[in-house]
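First the structure, in the form of structure tokens, and then the observations on it.
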Amino acid sequence: MEAVLSRKKTILEIQNMKTSGEKISALTCYDFPTACILDDCGVDIILVGDSVGVVFSGYENTLPVTMDEILYHTKAVLRARPNALVVADLPFLSYQVSLQEARLNCGRLVKEGGAEAVKLEGGENIAEIIRTVVNMDIPVMAHIGLTPQSIHRMGGYRVQGKREPEAEKLIADAFAVQEAGAFAVVLEGIPLKLARKISSELSIPTIGIGAGPYCDGQILVIHDILGLCDKYSPKFVKKYADVKSLISAAVSQYSQEVKAGEFPGEEHSFA
Ligand code: KIV
């Protein structure tokens, strides 16, 4: 009998990509059809990010996102049976209150949602939480720099680590999450030279967003690259398509045709 070869990406393969110098491509995704498309395109990591709250649910920021929302979207993505590694984001207040709650919520994303890893925002301050979750055999992706759940502390979405003491703190954060057992770390909104230094000194892969070209991989929000949500347009985003215009054109044409009695025709009807 022929062996069935699984093409499923594992955290080991993601880590090996750093060693071999192959760049890691990651995107956010929150629904079944998009997950099917992303996977057909060979994306390495799908993140069910709490950015879902902003680009899908229309919240001002990611703070209101709940465990139930992340679980719902994680399940939808997993129904596409992606080969990509699926990472689910821990929403604000689901891991900071106690180690017990952090363990329970990370476990729920794996057990109920089907996620293969979880992502948590924070550096030295959450190292103990990362260690605890990794000890449950749940792979953790860390996230440092511009961490959107800390919007009020940062005073907005500002580039982090521009000055020396801040940069030193970010380097300490990067080593703290690696030491705690994270298998990879997202570097968001930091200067490219700092991202290059962290990427070259860490043994785990760095996944950049607004952190320049020298990270081991890149992640962006799917709505941003498709031009689906023009609420914010950060400098680091490259818009690869204008899907909003495509949808507008299709919906306008449909509406006009319905009003003009041109749709449906007999070819769209039953005899
Ligand atoms: O929630 C999210 O989409 C993220 C990525 C952009 C890193 O955290």
* Structure fact -> Exception for Ser25 within (1) hydroxyl-bearing (Ser, Thr, Tyr); (2) within 16 Å of the ligand (Cβ to nearest atom); (3) more than 13 Å from the chain's Cα centre (by Cα) falls at (3)
* **Selection count, the range 83-137, where residues are of a type in the set (A, V, I, L, M, F, W, C) and either part of a helix (DSSP H, G or I) or in contact with a His (Cβ under 8 Å, 6 or more places away or on another chain) (or both)** => 13
* Inside the range 83-104, can you point out the residues that are surrounded by 22 or more Cβ atoms within 10 Å (Cβ to Cβ) and either modelled with pLDDT under 95 or more than 15 Å from the chain's Cα centre (by Cα) (or both)? -> Ser94, Tyr95, Ala102
* **Residues located in the range 114-135, provided they are more than 15 Å from the ligand (Cβ to nearest atom) and in contact (Cβ under 8 Å) with a residue 60 or more places away in the chain** => Glu116
* Pick from Asp242, Asp173, Asp216: which is among the charged types (D, E, K, R) and touching a Pro at 6+ places or on another chain (Cβ under 9 Å)? -> Asp216
* Of all the helices (runs of 4 or more DSSP H) wholly in the range 182-271, which have at least 1 residues that are touching a residue at least 60 places away in the same chain (Cβ under 8 Å)? -> 222-226
* To do: Tell me, please, whether a residue that is assigned to a loop (DSSP other than H, G, I, E, B), at positive phi, at pLDDT 95 or above and of a type outside the set (Ser, Thr, Tyr) can be found in the range 139-153.
  => no
* Asked: Being within 15 Å of the ligand (Cβ to nearest atom), aliphatic (A, V, I, L, M), closer than 18 Å to Val43 by Cα and crowded, with 23+ Cβ neighbours inside 10 Å, is that true of even one residue in the range 189-198?
  -> no
* Asked: Which one of these does Gly145 not meet: (1) away from the ligand (no atom under 13 Å from the Cβ); (2) over 19 Å from Ile45 (Cα atoms); (3) not polar (S, T, N, Q)?
  -> (1)
* Structure fact -> Screening Val55, Val77 for residues that are within 16 Å of the ligand (Cβ to nearest atom) and either within 22 Å of Glu188 (Cα to Cα) or not hydrophobic (A, V, I, L, M, F, W, C) (or both) leaves only Val55
* Structure fact -> Note on the range 199-216: residues touching a Leu at 6+ places or on another chain (Cβ under 8 Å) and within 16 Å of the ligand (Cβ to nearest atom) are Ser199, Thr206, Ile207, Gly208, Ile209, Gly210, Ala211, Gly212, Cys215
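The values are calculated or read from the model by the stated rules, or taken from the named source; none is laboratory data. Note that the coordinates shown come from a computational prediction; the quantities given were computed from them, not determined experimentally. Please note: Cβ atoms are built from the backbone with ideal geometry, for glycine as well, and neighbour counts cover all protein chains shown.
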